[in-house]
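To start, the structure under review is shown below, and the notes come after it.
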Amino acid sequence: MRYIWIFLLFGFFGQYTFAQDLKQTIRGTVSEKESGVPLIGVNVMVIASNGESFGASTDENGIYRVPDVPLGRSEVQFSYLGYETITLSNIIVTSGKEVILSVEMEESAIELVAVEVKARRKGELVNEMATVSARQFSVEETDRYAGSRGDPGRMASNFAGVQGADDSRNDIVIRGNSPAGVLWRLNGVNIPNPNHFAIPGTSGGPASILNNKYLANSDFFTGAFPAEYGNSIAGAFDLRMRNGNNEKYEFSGQLGFLGTELFAEGPISKSNRSSFFASYRYSTLQLFSSLNINVGTNATPKYQDGAFRLNFPLKNNSNLAFWGIGGKSSIDIVLSNQEKPDEETLLYGDNDRDQYFASKMGVGGISYSKSFNKSTLLKATLAMTGQQVNATHRVFDRHVNTDGFFVLDTSVNNLNYQFNISKLVANVTVNKKFSRKSSLKYGLYGENYLINLLDSVRTYTRDTLTGKMVFTPWKKRWDADDSAPLLQPFVQYKYKLDDKWTMVAGLTALYFGMNNNSFSPFEPRLGLTYQLTPKDKWAIGLGMHSQIQSPYLYYYGNKIKNGKPIQENKEMGLTKSKQAVLSYDRVLSPTVHLKMETYYQYLSEIPIQVNPSSFSMINVGSGFSRFFSDTTLVNKGVGKNYGVELTIEKSFSRGYYYLLTASIFDSKYKGSDEIWRNTTFNGQYAVNALVAKEFLIKGNNTLNIGSKITYAGGRWYGYPDIQKSIDNQEVIFEDSTFNTRKFRDYFRLDLKLNYKWNRPRMTHEFALDIVNLLGIKNILKLSWAPDHPSGNPIQEEYQLGLLPVFYYKIDF
């Protein structure tokens, strides 16, 4: 219980944003979707929460402004002759910040007619080339969903076909695939794992480096995605940074469980409409620890991150932006300083050693865009990414004296590693619009990997006479200083036959210069949609995909030659996937829609061991450990995923919203022993139910009560090999029984309470977000615990228990 009170007491934060009045301005820009050219004379209609209507139109630069809009939820409609009308519902207007909406309008396939008003449902995509297994997510959703904690990864686990891999991390499992198959893209750049405490070969972590304060609405793909997305077989996040306010300076400060934060944005030059934003976040637990405030653990996670964007509109419909994000984290898990045997042990770490871990991640880029005319748009980005992970272990010996206290006998360094992987990135795309019915998008994405990996380890045994530790010589497992290029050209063609039929056809390829086996020259993608009625839409998506292995895996060596590890896996090729998706979408009412998808995915050329075994790389890619292969891996493994997904979603109206998702699926693989098994991530089913109700209190004040229920299949495991587990001091499963047993099902209930109080020039917000309200002990895995009081060294390790976070915001 003491940890609960710590979270309650220290989970507060305040946010400060300068504002003017109880009314606010809605403004922004409107441009043509394909070419990026500003649209002149677009009618903009705002219907405020009190029923009042306000109108405006765009000027020669596509800019509009609607001042003096009352606070609350508003509806904004954009209409233009010959273009599909867009209606944005539930736009939240507060006194703290201006509402800036930049909208792209798509030309109708029907020529020179007024097009019927089309409400843009929540989840409709920014990328018009996607036809299935994709949805847009908003910044509001990352905050609003109970248990999401402002994290895009945790938010996405609410969607059909997506599960969280581990409550303590934000890895996501898409349709039974490993989290390692997920691509993270920011501003057109494939970025390293954007999380603190990142482990090589994973895509998640305990805390996100990303901050929803600077993200624009972005897209999330779960299968058969367009040709512009390569080097992924599971799914993709396509994230976009927003621009800062180019007319008004706004500032924020925040103190909370997830970090102490500063944020600023505003104009660089009002006349040129250039802008900036900058953010910085610092670990609150680290801050409390430095002030000698007890946070309930000696292993205090330390992290900080930041981001910036400088945006400069140029002449002749062009734009230049400089941007970047970065973060660093560290944790020291020290057990050697324990005074007594009965002291509470730490959640992570081995009992015989101190562990020191640190990671860094950074991305910086320059983006340029230019609309040459009403039919051609060029986008180009240059960037550099980097990720560093390093760790040190010190094993120790100690004994208990006559007074019952530990006495440290010796402490010896037995592991050091530092991995540095950087990339130089270039991405160029061209949009060419031929007519209101057809358009072409093509480009080239290129990276050059710079790889520096060092790892040395030594093990120990006990002297049979003295019991003292006897160490083996140092052994190098990684020693690499290398580089390798990656190229991915693509082309996509979109054709609207009429207002019912739309086809998107694409082609891409993937080349990785690590070896001669990493080339996929032909990866076609096809999407087709049919609007059967105004309420019913069918769609199909087909595609071939491929992905490189995590770079560090190519360089591991278990054998030594001339003092250096032999890199037995340097010739691993690409993992490949064929995907087919059938989708049906029906509008049940103006605010409720239903979506069903069924899919089949066949994976091939998955790395497996040469000798007969159950091992497959399909099961690797989550958790806090690197992967070590004792034998050579070859691309001969296969796998298959298939299932059915259901989504029923009600957008916010009449004071409430809900999201219901359900997935039934199966995920199997075959290793070199030629036996079909369950993958580690084959939960077989998952159900999510989210609902929230908003109560209006005294005009502009609101109380929100939201909840989330998750029920999903348990994890797979096998029978432990007791002798091998004792020899290796970790749980080793019998190979023949791997993933033949299943833990009990997973259940979690989250609750979020939120009260917002609007005052002149100031807004207060109070909230309580409780993760795992019932404190259910969901099983994560089996762990090695040689000192367990029961005498059984193999014990169940549980997911996170009850985690309440109370916070307070103030905007003024």
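The values are calculated or read from the model by the stated rules, or taken from the named source; none is laboratory data. These figures come from a predicted structure and were not determined experimentally. FYI the Cβ positions are ideal-geometry reconstructions off the backbone, even for glycines, and counts take in every protein chain you see. To get the accessible areas, we keep the full protein, side chains included, count just its heavy atoms, and leave off ligands, DNA and RNA. Shrake-Rupley method; radii C 1.70, N 1.55, O 1.52, S 1.80 Å.
Taking the condition small (Gly, Ala, Ser), in contact (Cβ under 8 Å) with a residue 24 or more places away in the chain, open to solvent by less than 40 Å² (accessible area, probe 1.4 Å) and out of contact with any Cys (no Cβ under 8 Å at 6 or more places or on another chain), does Ser275 pass?
yes
Run down Lys476, Lys494, Lys432 and say which single residue is open to solvent by 30 Å² or more (accessible area, probe 1.4 Å), of a type in the set (D, E, K, R), assigned to a strand (DSSP E or B) and closer than 26 Å to Phe225 by Cβ.
Exactly one residue qualifies, and that residue is Lys432.
Considering every residue within the stretch 563-571, establish whether at least one is open to solvent by less than 30 Å² (accessible area, probe 1.4 Å) and assigned to a loop (DSSP other than H, G, I, E, B).
Within the stretch 563-571, one or more residues are open to solvent by less than 30 Å² (accessible area, probe 1.4 Å) and assigned to a loop (DSSP other than H, G, I, E, B).
Within the stretch 387-410, take every residue that is touching a strand residue (DSSP E or B) at 6+ places or on another chain (Cβ under 6 Å) and open to solvent by less than 40 Å² (accessible area, probe 1.4 Å) and give me the one that is farthest from Asp354 (Cα to Cα).
Val389
If the requirement is being in a strand (DSSP E or B), over 28 Å from Val644 (Cβ atoms) and touching a Leu at 6+ places or on another chain (Cβ under 8 Å), which of these qualifies: Lys708, Lys693, Lys752?
Result of the check over Lys708, Lys693, Lys752: Lys752.
If you scan the stretch 609-647, which residues turn out to be of a type in the set (A, V, I, L, M) and touching a Lys or Arg at 6+ places or on another chain (Cβ under 6 Å)?
Correct list: Val638 only.
Got a number for residues in the stretch 497-541 being buried (at least 17 other Cβ atoms within 10 Å of the Cβ) and in a loop (DSSP other than H, G, I, E, B)?
2
When the stretch 214-251 is examined, which residues are found to be over 15 Å from the mean Cα position of the chain (by Cα) and basic (Lys, Arg)?
Answer for the stretch 214-251, where residues must be over 15 Å from the mean Cα position of the chain (by Cα) and basic (Lys, Arg): Arg242, Lys248.
Looking at (1) modelled with pLDDT of 95 or more; (2) more than 34 Å from the chain's Cα centre (by Cα), can you tell me which one Asp498 breaks?
(1)
Under the condition of being open to solvent by less than 20 Å² (accessible area, probe 1.4 Å) and over 22 Å from Ala686 (Cβ atoms), which residue from the stretch 759-793 is modelled with the lowest pLDDT?
That would be Thr763.
Is it true that Phe251 is within 30 Å of Arg27 (Cα to Cα), touching a residue at least 24 places away in the same chain (Cβ under 8 Å), open to solvent by 10 Å² or more (accessible area, probe 1.4 Å) and outside any loop (DSSP other than H, G, I, E, B)?
yes
Residue-by-condition table, conditions (1) of a type in the set (Ser, Thr, Tyr); (2) open to solvent by 50 Å² or more (accessible area, probe 1.4 Å); (3) out of contact with any strand residue (DSSP E or B) (no Cβ under 7 Å at 6 or more places or on another chain):
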| residue | (1), (2), (3) |
| --- | --- |
| Asp585 | no, no, no |
| Tyr599 | yes, no, no |
| Ser616 | yes, no, no |
| Phe628 | no, yes, yes |
| Val634 | no, no, no |
| Gly643 | no, no, no |
| Ile648 | no, no, no |
| Gly655 | no, no, no |
| Trp676 | no, yes, no |
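Residue under question is Ile40, and the condition is that it be part of a loop (DSSP other than H, G, I, E, B), aliphatic (A, V, I, L, M) and modelled with pLDDT of 90 or more; does it hold?
yes
Looking at the stretch 728-749, which of its residues are in contact with a Ser or Thr (Cβ under 9 Å, 6 or more places away or on another chain), in a loop (DSSP other than H, G, I, E, B) and modelled with pLDDT of 90 or more?
Phe738, Asn739 - these are the residues of the stretch 728-749 that are in contact with a Ser or Thr (Cβ under 9 Å, 6 or more places away or on another chain), in a loop (DSSP other than H, G, I, E, B) and modelled with pLDDT of 90 or more.
In the stretch 43-60, what residues are without any contact (Cβ under 8 Å) to a residue 24 or more places away in the chain, of a type outside the set (A, V, I, L, M, F, W, C) and touching a Phe, Trp or Tyr at 6+ places or on another chain (Cβ under 7 Å)?
Ser57 - this is the single residue of the stretch 43-60 that is without any contact (Cβ under 8 Å) to a residue 24 or more places away in the chain, of a type outside the set (A, V, I, L, M, F, W, C) and touching a Phe, Trp or Tyr at 6+ places or on another chain (Cβ under 7 Å).
Could you tell me whether the stretch 658-679 includes any residue that is β-branched (Val, Ile, Thr), farther than 25 Å from Tyr556 by Cβ and in a loop (DSSP other than H, G, I, E, B)?
For the stretch 658-679, residues β-branched (Val, Ile, Thr), farther than 25 Å from Tyr556 by Cβ and in a loop (DSSP other than H, G, I, E, B): present.
Residues that are over 30 Å from Asn187 (Cα atoms) and of a type in the set (Ser, Thr, Tyr): does the stretch 435-455 have at least one?
Looking for residues that are over 30 Å from Asn187 (Cα atoms) and of a type in the set (Ser, Thr, Tyr), one finds none in the stretch 435-455, hence no.
Suppose we filter the stretch 51-68 for residues that are closer than 21 Å to Thr94 by Cα and over 34 Å from the mean Cα position of the chain (by Cα); how many remain?
The total comes to 9.
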